[in-house]
Every structure is written in C-alpha cells, then in structure tokens.
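The values are calculated or read from the model by the stated rules, or taken from the named source; none is laboratory data. Treat the numbers as computed from the prediction; the structure is a model and nothing was measured. FYI the Cβ positions are ideal-geometry reconstructions off the backbone, even for glycines, and counts take in every protein chain you see. Only protein heavy atoms, including side chains, enter the accessible area calculation; ligands, DNA and RNA are left aside. Shrake-Rupley method; radii C 1.70, N 1.55, O 1.52, S 1.80 Å.
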Amino acid sequence: MNDTRIGLLGLGAYVPEKVMTNAEWSRLVDTSDEWIVARTGIHRRRFAAEDENTADLAVHAARAALDDAGLEPEALDEIIVATDTPEVYSPDTASFVQHRLGARQIPTYDLGGSGCAGFLQAVDVARSRAREADRHILVIGVEVLSRLMNLTDRSTCVLFGDGAGAVIVGPGDHAAEILASVTGTDGSRTDILGIEAGGTRTPFSAENSPDGRMDVTMHGQTVFKQAVRHMSAASLKALERAGLSRDDVDLVVPHQANLRIINAVGKALRVPLEKVFVNVQEYGNTGSASVPLALAQAHEQGRIQDGDVVLLTSFGAGFHWGSVVVRF
Ligand code: COA
C-alpha cells in the first residue's frame, strides 16, 4: 500500500424533471400531504420519465462528476454502481454505464441489495482499491424506484423517489481527502427491511407480483431505531479513526430517508441541526443515490468550503450502515 492521498476528485448529480407531489399521491392512495410531511418531512420527489432508465440517470451524474474532476472517461480505471433498481437483471448496470460513457474496457461491477447503504459501502471499497494502485474509480449511486415499487402500498410508496449521484475516487493533492470510513452489517436483521419476491426463495409469481412490481417489506419503527443507532455509532467511530471529534465536523450529509431520522442522528451526534444537510423535502428517499446527490447539492450550494470536514452516513436493508469522513 502506498501513502498517496486518496479522495473525492469530483462530484455530480442528476434528478429527473418530473415532480410527484404529496397531493398527487393523495389522489392515488389513502394518504394526505399532512401525514407525509409530519411523519417524513417529504413534500415532493422526482420520478423518471417513461423513456429514462437506471443507466440514463447514472450516466448524467457520472458526466457531471467527470466534468467537476476535469477528467475524461478514458481516465477511469474502474466503475462501481450501487443500485437496487438495475437497468436489467443481468448484466450489471455498470457495464451499460462504461459503454455509454465511452470509458476503456476497465472492470465494472454493481453493488446491489444493500439498499440505501450501497453507495458508502462502494466508496469504502473504492478507497482501498484506489490506494492500492492509484486507480481512478467512478462510484455511482442510482435508483429508479418509481418503476419497480408497489404504487398501491401507502406505507412505502410515498417515501421514495428517483435520482443519481456520483463521485470520482482517486489520488490527488487537490482531492477532498477521505480520512476514514467505517461500514458494518447486522445480518440477523434481514427481516426488517427488504424485497422478498424475485429471489430463489420466492420467485416472481402472479400472486406475489401481479403487475411485475416489488413489495417493500418494512418494519418502519424498528428500521427507524436501528438507523439512528448505527449511523451515529459508525459516525463516531469514523471520526475517532480520523483523529477528530464531533466538534470538528462542519457538515453532516446523512442518508435522506426521513427528516425525523435525520434530526435524531444530529441529536445523537450532538451536532447542531444547521450543520446537517437536508434535501429530503425535495427528493424523498432516493436509496443509493441519496448521499451522493445530497453531497453534490451541498457543495453546489456553497455549504462546503475548502478545509471543511464533512461526515457522510447512511443505512440500508441488510441491515447495513456506513460512515465516511472527508476533508475538502
Ligand atoms: N398515509 C397515511 N397513513 C399512513 C401511511 C400513509 N402514507 N402509511 C402508514 N399509515 C398509517 C398506518 O397504517 C398506521 O395506521 P394505524 O395506526 O391505523 O395502524 C399509522 O399510519 C401509523 O403508522 P406507523 O408505521 O406507526 O407510523 P410511523 O410514525 O412509524 O411512521 C414511517 C411510518 C415509515 C414514516 C416511519 O416508521 C419511518 O420513517 N421509518 C423508517 C423507514 C425508512 O427510513 N425506510 C427506508 C429505509 S432505507
């Protein structure tokens, strides 16, 4: 392993144009704007157009990240796409992205099934692989949840939205240095959040997926508690590994699942809420895209200055979690 500084060389994001409001949901299922806002903080979310698929969103975000890094696609050495809503079942979305970007015949792979934690898990892997051989690795988090989720289950459908975010992980003196990363999994909690149908245990059938859509199984309150507990514990551990304390954090960019979870994590970390970035009101829960989308927007809005310590944290089905500390 060498001592080259590894960090984020560029950030990018993309959201589809179509806006789906709470009022529109209340015409489709038994819900209301008041319920959704009070329980989640979500006001609207974006839905992909009929002719937009996962790779389309991913490529938009990837091009933005490459532009931000001042790199051409030929400079990439590897591509990882974190998604639970892939372009097709096989091959992986990353293969489509490689070709569409015009990258070389570099290795690509998807990190799927980790729910909303996939992006930070991928950054953790990319960091060590970049460090090993000075690679430039494109890491994308992307979801088109609107295409696959059950649109009649009010307890889950109102939570999610579509989007993509991307970073380039690699060596460079001007990179926003990744100081530490912590990821973890509690495999005894596979039952609290997931999608059952479609796997070998329960293949798709006319009964479990009449319209080809997926039912999200979710024990909302258990997920809520596990999310707060693991995101705050992993964040404190990552700060410790970086030799920093909570007082050194300039901005927290948490997974945007629910405003109440975001506020509870801020409280558990004892970080003032003005130092916690929130865009869940605009985009809902965009799964793997949530953290890189929020990070790119926070940077674009001037919420991150040179020298700032930014804490990224997420959780997802598995039950997985991850926290990454970056100095810009
Ligand atoms: N509109 C109106 N009512 C709804 C509703 C909706 N969209 N969804 C559920 N309800 C109802 C329930 O049926 C329940 O009714 P009942 O009391 O008659 O049984 C009531 O609202 C309360 O449901 P409950 O699940 O206890 O609400 P909650 O306060 O826990 O909030 C979540 C629900 C999902 C918002 C919350 O648990 C949560 O955010 N959990 C974390 C989920 C998450 O982040 N998932 C993504 C992981 S990546």
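Using the 1.4 Å probe convention, the accessible area of the chain works out to 43 Å² per residue with neighbouring protein chains retained. The solvent-accessible area of Arg104, taken with every protein chain present and a 1.4 Å probe, is close to 100 Å². Looking at region 179-327, the DSSP beta bridges with both ends there are about 75 percent antiparallel. Out of the total accessible area of region 6-174 (probe 1.4 Å, heavy atoms of protein only), what percent is carbon and sulfur? Carbon and sulfur: 48 percent of the exposed surface of region 6-174. Here region 179-327 exposes an accessible surface that is 48 percent carbon and sulfur, computed with a 1.4 Å probe and the other protein chains kept in place. Once C-alpha pairs closer than 8 Å and six or more residues apart are averaged by separation and normalised to the residue number of the chain, the relative contact order reads 26 percent.
Full extension of the chain segment joining Ala75 with Ser245 gains 57.6 nm, where the gain is 0.36 nm per residue of separation less the Cα-Cα distance. Take every DSSP beta bridge with both residues inside region 6-174 and express the antiparallel ones as a percent of the total, to the nearest 5. Antiparallel bridges make up about 70 percent of those DSSP assigns within region 6-174.
When +1 charges are put on Lys and Arg Cβ atoms and -1 charges on Asp and Glu Cβ atoms, the dipole computed for region 116-273 relative to its Cα centre reaches about 360 debye. Adding -39500 (n - 2.57) for every DSSP H run of four residues or longer, then dividing by how many residues the chain holds, sets the calculated 222 nm ellipticity at -10000 deg cm²/dmol.
When peptides 206-218, 285-297, 7-19, 243-255 are sorted by average Cβ neighbour count within 10 Å, with the highest value leading, the order is 285-297, 7-19, 243-255, 206-218.
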